[in-house]
Amino acid sequence: MTTHWPTSALGFGGDYNPEQWPPEVWEEDVRLMTEVGVNIVTIGVFSWGALEVADGVFEWTWLDRVIDLLHRNGISVDLATPTASPPLWLHAAHPEILPVQADMTRRRPGARDGWCANSATFRRYALRITKALAERYAAHPAVVLWHVSNEIGGGNGRCHCDESLAAFRVWLRERYGSLDNLNRAWGTAFWGLYLTDWDHVPAPRGGEAHNPALMLDYDRFCSDSLLDHYRAERDVIREFAPTTPITTNFMVGPHQDIVDYPRWAEHVDVVANDHYTIPSDPLSAQDIAFSADRVRGMTPGRGPWLLMEHSVSSHAWHTVNRAKAPRELVRDSLGHIARGADGALFFQWRASLRGAEQFLQGMVSHAGTDSKIGREVRELGAVLGRLAEVRGSTVEPARVALLFDDEAGWAFSRGLKPHKGIDYGDEPRTWHRALWTRNVLVDVVAPSADLTTYDLVIVPTLFLVDDESAARVADVAQRGGVVVVTWMSGIVDHENAVRPGGYPGAFRDLLGVRSEEFYPLQPDEHGRLDSGATFHSWSELMDATDAEVVARYAEGPLAGGPAVTRRAVGSGAAYYVSCALEPASLDEFVGQVLDDAGIEPSGGGAGLDVVRREKNGTTWIFALNHGEQERRVAATGVELVTGETIDHELVVPAREVRVVRESR
Ligand code: GAL
């Protein structure tokens, strides 16, 4: 793994698509970039059709010119392989590289992501252009980072073509060794679906009620196939650019992913993420925090990582795409920086006039540079320049971990389930929100992570968990920490088989509870506990076999039964929450749990987000005010956004961000 960081200051720039513009505009672009402090741009992401104009016919002139122009002006290049968007001539010659959806319809040419990770033909063409690109530009001094494809799996995560099915069978053979093992693990006795030949292994095609173990393995296989493709391109680049970092842009958020990012992270030199706020989300600042806390949680050494893409303003893919409010652009970018990003890059530099994303704004917006976006971009560039000293620092260690797992999410969501209307990401995000609101920093980590440094570990709806991870969670309580496990956790093992003897199987002993049956609620139903707390979506018939009852169900079929429990474990404690607490009740409960764990919020709270970054004994306090009222926080030192000296109290105006380098 190559570890050096691509930029000397914090990265600032974005996707740059000069091929959409005549050369006169390039000169203006580069002039404007230098004016606002852009130091790195991503080029080539979707340029395959502009670089390989016909099969084996390469056209480099424009890219040569653009890279030289950027270099002359001191702007570095994150050079992308263009393979996310195969050209139309390739689709015409080889329509079989287009992904096939679960309903067995093949995607049509005419958009991006038209490739299957298991297509040998696609791989051949993709590696040929990758090699040609790497051969030509690896030694160019402007190229400081390589960017493989784009948001891999984003539009082609699950291909159901025959070539994929054949590869799935090979993958299963390697994993299980024999059909006996596979039959046992998948439980093919159910419906008599015994496998007697590897060639009979089905894929989860169509809308049938497939075996959940098969579906989970298909998800794992697809993630592995996409990773394999990433590695194939990466290895070609590596031959020509042995020391330049290579990455690909993840899409990490509070939702289950298409690929298993924590398991991918070790294969990239720089963990890079794309994050887009959702216009209908009333708490997009927390969405940013969740995403950044999760990216940091999967980055070796907890950082730094790179924000490869976010939006300057309105997006184009939602039903209603509102523009960002004044100051939101600056605050969003610094929200990622506060949580460990060493650069904030956008999609894209200049807003396109034509093409599918013509209404997605750019750093140079449709209105031009004399605009709200233009002014905030300029200001952000200046602020990031003043924050250069922060580069290479890491975020203060978090005392709280929240477990989030893609495999658990896949297992949670697919197949027949007691409640089909819940997204895996809902509960983790709700718990994170309660902590974020109190300004408690959280690392969002995979269950395989080292948990030994945390005082509080939250395990929300971790449907699937293996024995080792469950044991690591139990150790947290044994050594004096506090663990909170919620409903729908620990239900199945690594093979997606239910753990018998009562729910939540993997955590039953730790929690001292035994749950017998699920009582999910209808979408408009709500329930009440005797503590006054209210809940939605979920409840359980359970026993506190070896735990103290904190709250009981107050009504309905479970009235009088335990709902929330606490068990003293070693010098720590383990809570079980068997229902989905409504936000206000959850907030209150989180307050009790934090007390129990001896964690005090570190300042801020209620709209003021305070995070510290540290390096060699220096601390920078990031204070982000997401509210409409001025806020204050204790700090002494130099404030880097305004240059003011702060003596004991930092004032953060409404909607603004301040960063104080603390005096010792
Ligand atoms: C990202 C993608 C970009 C652009 C952007 C805005 O997901 O990587 O190419 O499409 O979204 O929609």
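The values are calculated or read from the model by the stated rules, or taken from the named source; none is laboratory data. Source: prediction; values computed, not measured. All Cβ positions, even for glycine, are placed from backbone atoms using ideal geometry, and neighbour counts span all protein chains on display.
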Among the candidates Asp293, Asp257, Asp269, residue that is within 15 Å of the ligand (Cβ to nearest atom) and acidic (Asp, Glu): Asp257
On the given criteria, is Asp15 more than 14 Å from Leu145 (Cβ to Cβ) and either in the same structural domain as Gly303 (by TED's automatic domain parsing) or in a helix (DSSP H, G or I) (or both)? no
Every residue in segment 272-290 that is farther than 11 Å from His315 by Cβ and within 13 Å of the ligand (Cβ to nearest atom), please. Ala272, Asn273, Asp274, His275
Determine whether Val201 is assigned by TED's automatic domain parsing to the domain that holds Gly74, at pLDDT 95 or above and surrounded by 16 or more Cβ atoms within 10 Å (Cβ to Cβ). no
Tell me which of these Arg136 doesn't satisfy, since it passes every other one: (1) assigned to a helix (DSSP H, G or I); (2) free of Cβ contacts under 8 Å to residues at least 40 places away in the same chain; (3) basic (Lys, Arg). (2)
Filter segment 323-358 down to residues that are away from the ligand (no atom under 15 Å from the Cβ) and among the basic types (Lys, Arg) and give me whichever is surrounded by the most Cβ atoms within 10 Å (Cβ to Cβ). Arg339
Options Ser164, Ser149: the member that is crowded, with 17+ Cβ neighbours inside 10 Å, under 19 Å from Tyr230 (Cα atoms) and in the same structural domain as Tyr261 (by TED's automatic domain parsing): Ser149
Scan segment 481-497 and give yes if some residue there is more than 20 Å from Met298 (Cα to Cα) and either among the charged types (D, E, K, R) or assigned by TED's automatic domain parsing to the domain that holds Val295 (or both), otherwise no. yes
Out of the residues in segment 296-315 that are within 14 Å of the ligand (Cβ to nearest atom) and farther than 15 Å from Gly11 by Cβ, which is nearest to the chain's Cα centre (by Cα)? Ser311
Taking Pro523, is it part of a loop (DSSP other than H, G, I, E, B) and at negative phi? yes
So for segment 226-239 (the condition being part of a loop (DSSP other than H, G, I, E, B), more than 16 Å from the ligand (Cβ to nearest atom) and at pLDDT 95 or above), does at least one residue qualify? no
Which is surrounded by 23 or more Cβ atoms within 10 Å (Cβ to Cβ) and among the hydroxyl-bearing types (Ser, Thr, Tyr), of Ser578, Ser571? Ser578
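Residue by residue, here is whether (1) closer than 28 Å to Gly49 by Cα; (2) touching a Phe, Trp or Tyr at 6+ places or on another chain (Cβ under 6 Å) holds:
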| position | (1), (2) |
| --- | --- |
| Thr121 | yes, no |
| Gly155 | yes, no |
| Leu165 | no, no |
| Pro204 | no, yes |
Taking the condition under 22 Å from His432 (Cβ atoms) and of a type in the set (D, E, K, R), does Glu555 pass? no
Report every pair of residues separated by at least 6 positions or lying on different chains whose Cβ atoms are under 6 Å apart, first residue within segment 613-639 and assigned by TED's automatic domain parsing to the domain that holds Leu329, second surrounded by 15 or more Cβ atoms within 10 Å (Cβ to Cβ) and part of a strand (DSSP E or B). none
So which helices (runs of 4 or more DSSP H) stay within segment 31-118 end to end and still have 1 or more residues that are among the small types (Gly, Ala, Ser) and within 16 Å of the ligand (Cβ to nearest atom)? 48-51
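Condition check ((1) in contact with a Pro (Cβ under 9 Å, 6 or more places away or on another chain); (2) surrounded by 23 or more Cβ atoms within 10 Å (Cβ to Cβ); (3) on the phi > 0 side of the Ramachandran plot) across all residues:
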position: Val442; (1), (2), (3): no, yes, no
position: Ala446; (1), (2), (3): yes, no, no
position: Thr453; (1), (2), (3): yes, no, no
position: Gly480; (1), (2), (3): no, no, yes
position: Val483; (1), (2), (3): no, yes, no
position: Val498; (1), (2), (3): no, no, no
position: Ala506; (1), (2), (3): no, yes, no
position: Asp509; (1), (2), (3): no, no, no
Quick one: count up the residues across segment 10-28 that are within 15 Å of the ligand (Cβ to nearest atom), of a type in the set (D, E, K, R) and out of contact with any strand residue (DSSP E or B) (no Cβ under 6 Å at 6 or more places or on another chain). 1
Inspect segment 254-268 for any residue being among the hydroxyl-bearing types (Ser, Thr, Tyr) and surrounded by 20 or more Cβ atoms within 10 Å (Cβ to Cβ) and give the result as yes or no. yes
Can you pull out every residue in segment 154-183 that is more than 21 Å from Gly206 (Cβ to Cβ) and within 16 Å of the ligand (Cβ to nearest atom)? Gly154
Could you pull out every one of the helices (runs of 4 or more DSSP H) wholly within segment 390-491 that has 1 or more residues that are out of contact with any Gly (no Cβ under 7 Å at 6 or more places or on another chain), under 21 Å from Thr565 (Cβ atoms) and aromatic (Phe, Trp, Tyr)? 426-437
Residues that are free of Cβ contacts under 8 Å to residues at least 40 places away in the same chain, over 25 Å from Gly381 (Cα atoms), crowded, with 22+ Cβ neighbours inside 10 Å and assigned by TED's automatic domain parsing to the domain that holds Arg238: does segment 50-61 have at least one? no
